Amino acid sequence: MIFTTEHGIMTNGNPKIKQKKGNQKMNKTQLIDVVAKESGLKKKEAEAAVNAAIGAIVNALKDGDKVQLIGFGSFEVKKTKERMGQNPATGAKIKIPASKRPAFVASKALKDTING
């Protein structure tokens, strides 16, 4: 896995020679490593901070609240209506129940940063 920080290119938490970017994934462990390095926190402290942030977002969404992070984006819960669908294997009509789903909308600042 390759990701960039202001400290350079990292691969699984280890500095590497610059490699091609794009279509890479950062997992939670790698995010914790970056948070620890960028903030100067110990790894356990960074893990607690990341878990607390994720937990706060999840709990807010669970309560039906919207979470807005200026310059990053907004998390919210969207409701889907009950609808009819079709089983692709059998062609049988099925009822798809109403549900809630988490949604993220990127801010203009994030979009501008990504698009250069």
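Restricting to helices (runs of 4 or more DSSP H) lying wholly in segment 23-116: which have 2 or more residues that are modelled with pLDDT of 95 or more, surrounded by 11 or more Cβ atoms within 10 Å (Cβ to Cβ) and polar (S, T, N, Q)?
Because the criterion is at least 2 residues that are modelled with pLDDT of 95 or more, surrounded by 11 or more Cβ atoms within 10 Å (Cβ to Cβ) and polar (S, T, N, Q), the helices (runs of 4 or more DSSP H) in segment 23-116 that meet it are 28-39, 43-62.
Output the residues belonging to segment 74-111 that are of a type in the set (Phe, Trp, Tyr) and either without any contact (Cβ under 8 Å) to a residue 12 or more places away in the chain or in contact with a helix residue (DSSP H, G or I) (Cβ under 9 Å, 6 or more places away or on another chain) (or both).
Applying the first criterion (of a type in the set (Phe, Trp, Tyr)) to segment 74-111 yields 75, 104.
75, the sole residue that qualifies.
Considering each of 11, 4 in turn, give the residue that is at pLDDT below 95, of a type in the set (Ser, Thr, Tyr) and more than 17 Å from the chain's Cα centre (by Cα).
Among 11, 4, only 11 is at pLDDT below 95, of a type in the set (Ser, Thr, Tyr) and more than 17 Å from the chain's Cα centre (by Cα).
The values are calculated or read from the model by the stated rules, or taken from the named source; none is laboratory data. Just so you know, these numbers come straight off a predicted model, no measurement behind them. Note: ideal-geometry Cβ built from the backbone for every residue, glycine included; neighbour counts use all protein chains shown.
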